[in-house]
Structure formats: structure tokens, C-alpha cells
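The structure appears right after this line, and notes come after that.
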Amino acid sequence: MKKRVAILISGRGSNMTALIEAAKTKDYPAEIVLVVSNRPDAAGLDRAGSSGIPTAVIYHEKFGDDRETFEQALDRELREHRIDLVCLAGFMRLLTPWFVNRWSGRMLNIHPSLLPQFKGLHTHGRALEAGVTRHGATVYFVVPEMDAGPIVAQDSVAVLENDTEETLAARVLELEHQIYPRALRAVAQGRTKA
Ligand code: GRF
């Protein structure tokens, strides 16, 4: 039985698209059955819709500062769709330990750096500033501490002398589109556990 996967987004959804494309392969062990955005204007929603995948918007601003009620609504949506695995893909909300623990071992995130280096935002600029020779992307199981969970997949590119934040980000994004489908495959097959 294929694992039922929900993808959570906030923006353009290029990683979401890579996962949707990968899951179209016949022998892929997961199917994308739901895309949820916390923003009604996320471009990824249209992309998901045109691939025929059900979408939902749970707009965080409607909940003000009440993270718990927002997350309860999210949790309800996931359970209604009988979701086995959650993939965060550019989902720009910090999740509380309550939600993270509910989905412990069943929720992945992708981060544009070679974790544990450069947790948090603006990773490409920080990598250039630090003068690293390699930079990359990581897929990991989400734990309450930010960008700190067990690593499922990681890959890197060389940092070039004339790289700007934009050129580096573009090369890393290409990597992301390769490693996220690979990581989800491994987790859905039970080959990798948290
Ligand atoms: C990616 O760089 C991802 O690593 C980070 O947010 C970005 C999302 O891009 N978490 P997209 O929406 O998947 O195109």
C-alpha cells in the first residue's frame, strides 16, 4: 500500500512539484493526496490544483497569535485525509512541540544548507559570507528544535568563486528537487526511520 502524503507549503512550491512529479511514477511508494497552505495566495496551490491534487488553506492570520488552534485545524485536516506522512516544503510557520510530537517520525522538512551548518533563514548568503567551499541541502525528520532532527538525505555542490546568493540558491534548489523525492521514497518504504 502506498503511503498517503500531505505536503505543507507557504509559497511557490517547487519542491512540492518535484514530489508530485516523482509520485507519478508507478513504483513510487507514496502518493500525494493533499496540499495544505497557510497562505491563501501561495502560488503552489494553483500548481497542485492543476495536477488534480486536493488543496486546503488554513490561513494562520485568522487565528491571530493562537498557534494551538491553528495547529489543531491543521491536524484535523491531515487526519480527515488519513495522512501517513507529512512533507514540509517551504512551509514558513514554526510548529509547536505539541504538533511536532503528534507527527513524530512521520514529518519531513527540507532545508537549504548542509545541516548542522546554517540552521534558520538566509542560508545562501551566510554560506557565502562564511567562505565555505561546499553548500547544499538536507532532508530531515522534524523535531521540536529547529532544523535539528535526524538526517534522511543530504547532498552538496561546490561553491564557485563568482557565486552570488541567487546563483548559489538556484544550484542548491536543483539539488533539493533531487533529494526530497529520494528521501520520501526511503521513508515511505520504511528503509529510513527517525
Ligand atoms: C526551499 O529552498 C526549501 O529548502 C526551503 O524553502 C524553499 C522553498 O521553496 N525550506 P519551494 O517553495 O519549494 O520552491
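The values are calculated or read from the model by the stated rules, or taken from the named source; none is laboratory data. What you are looking at is a predicted structure, and each value in this text was computed from that prediction instead of being measured. Please note: Cβ atoms are built from the backbone with ideal geometry, for glycine as well, and neighbour counts cover all protein chains shown.
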Residue within the range 88-105 that is in contact with a strand residue (DSSP E or B) (Cβ under 9 Å, 6 or more places away or on another chain) and part of a strand (DSSP E or B) present: yes
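One line per residue, one yes/no per condition, for (1) within 10 Å of the ligand (Cβ to nearest atom); (2) in a loop (DSSP other than H, G, I, E, B):
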site	(1), (2)
Ala6	no, no
Thr17	yes, no
Thr25	no, yes
Val33	no, no
Val36	no, no
Arg39	no, yes
Gly52	no, yes
Tabulated pairs, the range 148-171, first touching a residue at least 60 places away in the same chain (Cβ under 8 Å) and within 19 Å of Ser14 (Cβ to Cβ), second exposed (fewer than 13 other Cβ atoms within 10 Å of the Cβ) and among the aromatic types (Phe, Trp, Tyr), C-beta under 6 angstrom, 6+ apart or interchain: none
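Would you tally the residues in the range 24-42 being surrounded by fewer than 16 Cβ atoms within 10 Å (Cβ to Cβ) and farther than 10 Å from Ser10 by Cα? So that I can check it myself, show each step before the final result.
If we filter the range 24-42 for residues that are surrounded by fewer than 16 Cβ atoms within 10 Å (Cβ to Cβ), which is where we start, we get 24-27, 40-41.
Checking which are farther than 10 Å from Ser10 by Cα leaves us with 24-27.
Total satisfying the criteria: 4.
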Condition check for Asp46: surrounded by fewer than 21 Cβ atoms within 10 Å (Cβ to Cβ), part of a helix (DSSP H, G or I) and within 16 Å of the ligand (Cβ to nearest atom): yes
Residue in the range 99-121 that is loosely packed, with under 15 Cβ neighbours inside 10 Å, away from the ligand (no atom under 12 Å from the Cβ) and over 18 Å from the mean Cα position of the chain (by Cα) present: no
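Okay, residues lined up against (1) buried (at least 20 other Cβ atoms within 10 Å of the Cβ); (2) within 12 Å of the ligand (Cβ to nearest atom):
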{"site": "Ala148", "(1), (2)": "no, no"}
{"site": "Val152", "(1), (2)": "yes, no"}
{"site": "Ser156", "(1), (2)": "no, no"}
{"site": "Leu160", "(1), (2)": "no, no"}
{"site": "Ala170", "(1), (2)": "no, yes"}
{"site": "Glu176", "(1), (2)": "yes, yes"}
{"site": "Tyr180", "(1), (2)": "yes, yes"}
{"site": "Ala186", "(1), (2)": "no, no"}
{"site": "Gln189", "(1), (2)": "no, no"}
Check on Arg126, surrounded by fewer than 21 Cβ atoms within 10 Å (Cβ to Cβ), of a type in the set (Lys, Arg) and under 19 Å from Ala6 (Cβ atoms): no
Tally, over the range 32-69, of residues that are touching a residue at least 40 places away in the same chain (Cβ under 8 Å) and of a type in the set (Val, Ile, Thr): 2
Filter pass, Gly90 being at pLDDT 95 or above and surrounded by 13 or more Cβ atoms within 10 Å (Cβ to Cβ): yes
